[in-house]
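The values are calculated or read from the model by the stated rules, or taken from the named source; none is laboratory data. The structure displayed is predicted, hence computed values, not measured ones. Virtual Cβ from ideal backbone geometry, glycine too; neighbours counted across all protein chains shown. SASA here: full protein model, heavy atoms, side chains in, ligands and nucleic acids out. Shrake-Rupley method; radii C 1.70, N 1.55, O 1.52, S 1.80 Å.
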Amino acid sequence: MDIPLVDAVAAVRDELVAAAARGGAHPEVVFAVGPVEMEFEVELRADAKAKAGFKLWAVGAETEAGVSRGRTHRVSFTLTPRNAHGGDLLVGGAPDRLAGPGNVSGRIPD
């Protein structure tokens, strides 16, 4: 499955925002989000709708197995999430979440 690179990055951003929102108004413990490393196999394709004429697509494994429409390249980059004020993005658990690991009855003993 091919996904525009901009959508892949937006999906990560949306998940981080959702995690931060789950912290509630009175989180007891929060974590600062550190750098997020992303790596994709990308393909540059001509796109008549794009202003520059080209668009990057993150390509899936099944695309590589078939006939490729272009040449794929590996792209990696690091993002450091910040809140709207430039500070660390903090994530926490939902306030109504039960404490502890939850039901562990199906756990295989060590």
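Are there any pairs with C-beta distances below 8 angstrom linking a residue in segment 32-47 that is within 30 Å of Leu90 (Cα to Cα) and in a strand (DSSP E or B) to a residue that is at pLDDT 90 or above and open to solvent by less than 30 Å² (accessible area, probe 1.4 Å), with the two at least 6 apart or on different chains, and if so which?
Val36/Pro81
Which ones in segment 5-26 are touching a Leu at 6+ places or on another chain (Cβ under 7 Å) and either part of a helix (DSSP H, G or I) or at pLDDT 80 or above (or both)?
The first filter runs over segment 5-26 and keeps only residues touching a Leu at 6+ places or on another chain (Cβ under 7 Å), leaving 5, 16, 20, 23.
Passing the criteria: Leu5, Leu16, Ala20.
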